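To start, the structure under review is shown below, and the notes come after it.
Readers should treat all values here as calculations from the given coordinates under stated rules, not as data from a laboratory. Not measured: the values here are computed from a predicted model. Here the Cβ is made from the backbone with ideal geometry for all residues, glycine too, and neighbour counts use every protein chain on show.
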Amino acid sequence: MYKKIYSLIKKYKNIVIARHIGPDPDCLASQVALRNIIKSKFPNKNVYAVGHSVSKFYHFGKLDKIREEIPKDSLLIVVDTPDKGRVDGVNISDFAYSIKIDHHPFIEKFCDLEFIDEQASSVCQMIIDLCDNTSLRLSKADAEILFMGIVSDTNRFLYYYTSAHTFEIVAKLIRKLKINTEELYAKLYARPLSEARLQGYIGMNMIVTDNKLGYIKISSEKISEFGVDSASAGNMINEFNNIKEIIVWMTFSQDPKNNIIRGAIRSRGPIVNEIASKYGGGGHKYASGLRLENWEQVDNFIVDLDNLCKKYIENNPEVK
């Protein structure tokens, strides 16, 4: 598979790299690093990383604004995106050939070539493996970007899909390219005081059901009061990982600019991505996201997740 992807990269002069809407560090890091890696190997190619930018993740690098029409004989690479409806910034049918590189559970086939590795910790890990198995090469700067993506998607190597291979490739980045992990952690986890205060608000106001489901609904007015953006609550979902009284926890924050409500879900047992898919979202078994249209949908989703938690506790009485 690696050789096939490399041969396609080598074949096309114009390459566009896209990812999912509402980007997280893994998809941004893998997208930007892959662009840089290809440009370094093939400086005469036109390579673009596209999609809506997120100022919070500026340290991963700038995205590209394409000012001219992309030729029809171009290659599209979509990273970290399991379904067509979540691809940001491009129309897949506009390209001569398309490649998907993803580590989410399969939802649908929408690219000509699909490289899916559900065992990979992140797409950033898959990009490093691509370099290790072809003549593409990593610079120190791109290794640092990919390291931050891995750290973020594994929540500092805590999640179940962190493997021995994950640690092996990170060790190699440290040993061979001398990346400074302390500096990179500082970049990745620096945040404004406003977000720390929002985190305190979430902790104080989270509702916890009898079935160990924790959730909070944050209105646009509350978002404005704290001076944060609508994605902030979802970005800090992992801060609530170790609360004994909950097994699933969720944040919902209103985004009036895009007329949606953003939801972020984490779990320490119940598989949540199947219910998230029912509502148009998705992700991993224990870490998913979705976008809903109104608070009524949010309430219905909460009921479904609460029932899921109830069944999980009934089947696993040790968690009571």
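In the chain, what percentage of the DSSP-assigned beta bridges are antiparallel, given to the nearest 5?
45
In debye, nearest 20, what is the charge dipole magnitude of segment 2-188 about its Cα centre with +1 on Lys and Arg Cβ and -1 on Asp and Glu Cβ, if you could check? Intermediate values should be presented prior to the final figure.
Values: 27 positive and 24 negative charges, 164 e Å.
The dipole of segment 2-188 has a size of about 780 debye.
Once amide H atoms are placed 1.01 Å from N in the peptide plane, what residues at a sequence separation of 5 or more from Ala49, or on another chain, have their amide H within under 5 Å of its amide H?
Answer set, sorted by chain and number: Ile17, Asp64.
Residues with beta-carbon under 9 Å from that of Ile313, excluding Ile313: net charge, scoring Lys, Arg +1 and Asp, Glu -1?
After counting each charged neighbour, the total is +3.
Run lengths n ≥ 4 of DSSP H only: what is the helix-derived mean residue ellipticity at 222 nm for the chain, with -39500 (n - 2.57) per run over all residues, to the nearest 500?
Counting only the DSSP helices, I get -12000 deg cm²/dmol.
Residues with beta-carbon under 14 Å from that of Lys222, excluding Lys222: net charge, scoring Lys, Arg +1 and Asp, Glu -1?
Values: positive: Arg197, Lys217, Arg262; negative: Glu195, Glu221, Glu225, Asp229, Asp255.
Summing Lys and Arg as +1 and Asp and Glu as -1 gives -2.
Within 12 Å, Cβ to Cβ, of Arg19, how many net charges do the neighbouring residues add up to if Lys/Arg are +1 and Asp/Glu are -1?
Net charge around Arg19: -2.
For Cα extents along the principal axes in Å, several values are listed as [x] 66, 40, 39; [y] 59, 42, 40; [z] 115, 39, 33; flag the one computed from this structure.
Computing Cα extents along the principal axes in Å and matching it to [x] 66, 40, 39; [y] 59, 42, 40; [z] 115, 39, 33 gives [y].
So, with +1 on the Cβ of K and R and -1 on the Cβ of D and E, and no other charges, what is the size of the charge dipole of the chain about its Cα centre, to the nearest 20 debye? Could you put the intermediate results ahead of the total?
Details: 43 positive and 40 negative charges, 236 e Å.
Dipole size: approximately 1140 debye.
Of the listed pairs Lys3/Lys278; Lys172/Lys217; Lys3/Lys72; Lys45/Lys176; Lys13/Lys109; Lys187/Lys278, which have alpha-carbon separations greater than 32 Å here?
Lys3/Lys278; Lys172/Lys217; Lys187/Lys278
List the aspartates and glutamates whose alpha-carbon lies under 14 Å from that of Lys62, not counting same-chain residues fewer than 8 positions away?
Partners within reach: Asp142.
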